[in-house]
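The values are calculated or read from the model by the stated rules, or taken from the named source; none is laboratory data. Here the structure is a predicted model, which is why all the values come from computation and not from measurement. Backbone-built Cβ (ideal geometry, glycine too); neighbour counts: all protein chains shown.
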């Protein structure tokens with residue numbers, strides 16, 4: 001036995017021959033099946049099947065009474081979906097044809113043996129079990145499909161995008177609530193109709209042509225389109241359209257249209273603001289470069305029209321009689337203003353408009369529906385002919401007083417929103433600033449001239465002071481060398497002479513006094529050289545620098561390296577002194593702060609300039625911080641070096657990167673004239 005069929009299955013026996021029925025019951029029991037019945041008629045079979053709920057029915061076809069086996073089987077299978085086996089001694093075609101309608105699982109012709117019966121039953125039960133499994137799976141799949149369909153319907157209905165489909169003739173097959181809202185109609189009034197029933201003829205023809213093109217190309221595409229809504233307004237949609245296919249066959253067009261009107265409006269506002277930001281920047285450039293008030297005002301009007309996407313702009317200034325005189329215009333403003341008179345006098349009809357109101361109240365006057373605003377009565381007919389729909393007027397000041405207006409026109413009602421008004425007010429403020437700027441330029445130029453003169457005098461005083469200092473240094477060096485130095489030398493000679501005739505107990509004191517005189521003499525000579533090295537006057541800058549470098553490094557225990565180009569020109573005295581004093585200060589700073597081992601001094605001539613470089617391999621320092629401190633007067637030595645370089649006509653640089661520990665460099669560059 002095939003154990004894949006569970007034992008204990010209940011089988012209903014329908015057989016009018018009691019002996020045959022009893023034999024069948026015994027056979028089935030021996031095979032492990034439970035037996036229902038037996039019953040001998042079709043009526044009893046239907047009742048027993050409803051009562052006992054068998055797992056399989058063994059049905060004899062020929063039964064007594066009005067209901068034979070086939071009729072009974074039809075009722076049982078229809079109610080319970082139970083597997084059915086026919087048992088009959090008849091095999092005529094007519095019975096087979098009737099029996100096939102009930103979809104039996106087997107048809108056994110009497111006589112049959114136990115093996116045939118067993119196999120037929122097992123196969124029927126297995127087949128039914130498989131069919132039941134498939135049936136349950138199909139039911140689950142159908143429920144899932146129904147759930148997905150309900151979800152999809154909810155998504156479609158709940159979507160704010162317009163979703164619809166048309167057949168090949170352009171009639172609407174389906175649509176969602178958003179599409180109903182667009183057309184302002186109920187679904188019943190949309191389905192079955194075409195675009196010509198909802199849109200103007202030109203729009204309907206365009207939509208139909210687009211549908212035909214997509215059907216011919218079997219394509220899907222996305223585009224922007226403008227449609228009229230139910231209230232007569234214009235809405236912009238981002239629409240995706242394509243061929244609607246069912247079971248591989250094209251049956252029409254589907255479309256999903258998203259309302260992007262707000263996004264497009266935001267883009268237009270952003271583009272408009274961007275244009276006016278650009279106009280503001282361009283106007284500021286014009287303010288910096290314009291050489292007259294007239295040129296500036298003309299440029300401002302042209303820039304606003306070109307970059308700000310307005311149709312016209314003009315600037316008017318108040319004359320002595322209370323009329324606003326146009327001094328600059330651009331775009332349609334010139335044609336609109338031709339022959340027009342505008343006053344600030346509220347008693348005149350010409351003074352009732354936005355321009356006069358803006359000047360009197362000293363605040364912007366915005367008219368976002370020009371042809372309907374009561375203030376613009378005298379000009380509405382002219383504005384309608386020019387296509388003017390909105391205006392914005394901003395007062396212009398000079399010296400704190402209102403002297404004119406900046407007026408702008410647009411062809412769109414509601415064009416000037418709050419952000420744009422704020423930006424245009426800033427532009428008008430910049431124009432006002434420019435008017436004051438031209439008045440202030442002359443005062444500024446006079447102040448600059450006075451400052452330049454003061455700086456020149458300061459440089460002259462600084463140069464004279466340095467000259468006086470050098471003269472005093474030269475005199476002090478000469479006095480130290482010629483007077484005090486010679487006196488100390490004579491004292492030393494006298495003391496040494498006294499050692500020959502003095503008593504022994506005084507010799508030590510005399511020698512000590514002679515040593516003191518000698519050390520003082522050496523110090524006086526060093527001071528004399530430091531104040532004014534004789535090499536600088538006698539041998540020139542190169543020799544003086546070399547001697548000073550060697551002497552300083554020897555005393556400090558540093559390695560000195562000196563490099564100088566051949567045939568260097570002889571510098572003017574003030575430049576040579578500046579180079580020497582700067583070198584003195586740089587070497588003093590290296591000895592005191594750098595913790596260096598090597599000092600390199602170079603004097604190079606290249607490209608018409610003499611360059612002095614003093615480098616070390618020490619710890620370095622923050623050059624930017626040092627220069628900033630010198631500018632604030634915190635480093636007098638560095639400030640003195642900068643002043644000396646500048647007065648000599650040169651430029652001083654400091655180069656150092658303490659983080660890399662590569663030392664520092666002081667570099668002075670002095671352009672040479674043809675006479676040097």
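Which of the residues belonging to the stretch 246-276 are assigned to a strand (DSSP E or B), farther than 16 Å from residue 210 by Cβ and touching a strand residue (DSSP E or B) at 6+ places or on another chain (Cβ under 7 Å)? Before the answer, list the steps.
Step one: filter the stretch 246-276 for residues assigned to a strand (DSSP E or B), giving 246, 249-259.
From what is left, the residues that are farther than 16 Å from residue 210 by Cβ are 246, 249, 251, 258-259.
The answer is 251, 258, 259.
Filter the stretch 620-652 for residues that are in a loop (DSSP other than H, G, I, E, B) and surrounded by 18 or more Cβ atoms within 10 Å (Cβ to Cβ); which is modelled with the lowest pLDDT?
Within the stretch 620-652, the first condition is being in a loop (DSSP other than H, G, I, E, B), and the residues that meet it are 620-622, 632-635, 648-650.
Adding the requirement that they be surrounded by 18 or more Cβ atoms within 10 Å (Cβ to Cβ) leaves 620, 635, 648, 650.
Numbers: 620: 84, 635: 65, 648: 81, 650: 87.
Only one residue tops the list, namely 635.
Please go through the stretch 10-54 and give me each residue that is modelled with pLDDT of 85 or more and assigned to a loop (DSSP other than H, G, I, E, B), ordered by number.
If the condition is that a residue be modelled with pLDDT of 85 or more and assigned to a loop (DSSP other than H, G, I, E, B), then 15, 33, 40, 41, 53, 54 are the ones that fit.
Being modelled with pLDDT of 75 or more, farther than 30 Å from residue 573 by Cβ, in contact with a helix residue (DSSP H, G or I) (Cβ under 9 Å, 6 or more places away or on another chain) and not in a helix (DSSP H, G or I) narrows it down to one residue among 414, 404; which is it? Show your work before the answer.
Working: 414 fails: in contact with a helix residue (DSSP H, G or I) (Cβ under 9 Å, 6 or more places away or on another chain).
Residue meeting the stated conditions: 404.
If the requirement is being surrounded by 13 or more Cβ atoms within 10 Å (Cβ to Cβ), part of a helix (DSSP H, G or I) and assigned by TED's automatic domain parsing to the domain that holds residue 60, which of these qualifies: 98, 115? Step through it out loud before you land on a result.
Numbers: 115 fails: surrounded by 13 or more Cβ atoms within 10 Å (Cβ to Cβ).
Being surrounded by 13 or more Cβ atoms within 10 Å (Cβ to Cβ), part of a helix (DSSP H, G or I) and assigned by TED's automatic domain parsing to the domain that holds residue 60 holds for just one of 98, 115, which is 98.
Somewhere in the stretch 341-364, is a residue part of a helix (DSSP H, G or I) and under 21 Å from residue 272 (Cβ atoms)? Full working, then the answer.
Quick first cut of the stretch 341-364, residues part of a helix (DSSP H, G or I) only: 349-351, 354-361.
So of that shortlist, the ones also under 21 Å from residue 272 (Cβ atoms) come out as 354.
Yes, the stretch 341-364 contains a residue that is part of a helix (DSSP H, G or I) and under 21 Å from residue 272 (Cβ atoms).
Can you confirm whether residue 375 is in a helix (DSSP H, G or I), at pLDDT below 90, in the same structural domain as residue 348 (by TED's automatic domain parsing) and in contact with a strand residue (DSSP E or B) (Cβ under 9 Å, 6 or more places away or on another chain)? Please lay out each step first, then the result.
On the way: in a helix (DSSP H, G or I): yes; at pLDDT below 90: yes; in the same structural domain as residue 348 (by TED's automatic domain parsing): yes; in contact with a strand residue (DSSP E or B) (Cβ under 9 Å, 6 or more places away or on another chain): yes.
So residue 375 fits the description; yes.
Please count how many residues of the stretch 370-390 are under 25 Å from residue 419 (Cβ atoms) and out of contact with any helix residue (DSSP H, G or I) (no Cβ under 9 Å at 6 or more places or on another chain). Before the answer, list the steps.
The initial filter retains those residues of the stretch 370-390 that are under 25 Å from residue 419 (Cβ atoms), namely 370-373, 375-376, 383, 387-390.
With out of contact with any helix residue (DSSP H, G or I) (no Cβ under 9 Å at 6 or more places or on another chain) added as a condition, the list becomes 387.
Summing the residues that are under 25 Å from residue 419 (Cβ atoms) and out of contact with any helix residue (DSSP H, G or I) (no Cβ under 9 Å at 6 or more places or on another chain) in the stretch 370-390 gives 1.
Taking the condition crowded, with 21+ Cβ neighbours inside 10 Å, in contact with a helix residue (DSSP H, G or I) (Cβ under 7 Å, 6 or more places away or on another chain), assigned by TED's automatic domain parsing to the domain that holds residue 399 and in a helix (DSSP H, G or I), does residue 328 pass?
Working: crowded, with 21+ Cβ neighbours inside 10 Å: yes; in contact with a helix residue (DSSP H, G or I) (Cβ under 7 Å, 6 or more places away or on another chain): yes; assigned by TED's automatic domain parsing to the domain that holds residue 399: yes; in a helix (DSSP H, G or I): no.
Taking the combined requirement at face value, the residue does not satisfy it.
For the subset of the stretch 367-403 comprising residues that are over 17 Å from residue 414 (Cβ atoms) and touching a residue at least 40 places away in the same chain (Cβ under 8 Å), which member is nearest to the chain's Cα centre (by Cα)?
By that ranking, first place goes to 396.
Being surrounded by fewer than 11 Cβ atoms within 10 Å (Cβ to Cβ) and out of contact with any helix residue (DSSP H, G or I) (no Cβ under 7 Å at 6 or more places or on another chain) is the filter here, so list the residues in the stretch 144-187 that pass it.
144, 145, 146, 147, 148, 149, 150, 151, 152, 154, 158, 169 - these are the residues of the stretch 144-187 that are surrounded by fewer than 11 Cβ atoms within 10 Å (Cβ to Cβ) and out of contact with any helix residue (DSSP H, G or I) (no Cβ under 7 Å at 6 or more places or on another chain).
Looking at 108, 173, which one is in the same structural domain as residue 249 (by TED's automatic domain parsing) and in contact with a strand residue (DSSP E or B) (Cβ under 6 Å, 6 or more places away or on another chain)? Please lay out each step first, then the result.
Details: 108 fails: in the same structural domain as residue 249 (by TED's automatic domain parsing).
The unique qualifying residue is 173.
Go through the residues of the stretch 230-238 one by one and say whether even a single one is surrounded by 11 or more Cβ atoms within 10 Å (Cβ to Cβ), without any contact (Cβ under 8 Å) to a residue 24 or more places away in the chain and within 24 Å of residue 185 (Cβ to Cβ). Quick ask: steps written out before the conclusion?
Step one: list which residues in the stretch 230-238 are surrounded by 11 or more Cβ atoms within 10 Å (Cβ to Cβ), which gives 230, 235-238.
Of the ones still in play, those that are also without any contact (Cβ under 8 Å) to a residue 24 or more places away in the chain are 238.
Next, from what is left, pick out any that are within 24 Å of residue 185 (Cβ to Cβ): 238.
Checking the stretch 230-238: at least one residue is surrounded by 11 or more Cβ atoms within 10 Å (Cβ to Cβ), without any contact (Cβ under 8 Å) to a residue 24 or more places away in the chain and within 24 Å of residue 185 (Cβ to Cβ).
Tally time: how many residues in the stretch 345-371 are surrounded by fewer than 21 Cβ atoms within 10 Å (Cβ to Cβ) and within 12 Å of residue 403 (Cα to Cα)?
So the count comes out to 2.
Hey, among 392, 428, 449, which residue is modelled with pLDDT of 90 or more and in a helix (DSSP H, G or I)? I'd like the intermediate steps shown before the answer.
Numbers: 392 fails: in a helix (DSSP H, G or I); 449 fails: modelled with pLDDT of 90 or more.
Every option except 428 fails the conditions.
When the stretch 65-95 is examined, which residues are found to be part of a helix (DSSP H, G or I) and surrounded by 11 or more Cβ atoms within 10 Å (Cβ to Cβ)? Steps first, please.
So the first thing to find is which residues in the stretch 65-95 are part of a helix (DSSP H, G or I), and the list is 69-80, 93-95.
69, 70, 71, 72, 73, 74, 75, 76, 77, 79, 80, 95, listed by residue number.
Restricting the first residue to the stretch 119-143 and requiring it to be at pLDDT below 85, which pairs with a second residue that is loosely packed, with under 12 Cβ neighbours inside 10 Å meet a Cβ separation below 6 Å and a spacing of at least six or different chains?
Correct list of pairs: 122/2.
Can you tell me how many residues in the stretch 572-598 are in contact with a helix residue (DSSP H, G or I) (Cβ under 6 Å, 6 or more places away or on another chain) and not in a helix (DSSP H, G or I)?
Number of matching residues: 1.
Do you know which residues across the stretch 504-563 are out of contact with any strand residue (DSSP E or B) (no Cβ under 8 Å at 6 or more places or on another chain), surrounded by fewer than 17 Cβ atoms within 10 Å (Cβ to Cβ) and modelled with pLDDT of 85 or more?
543, 551, 555, 556, 557
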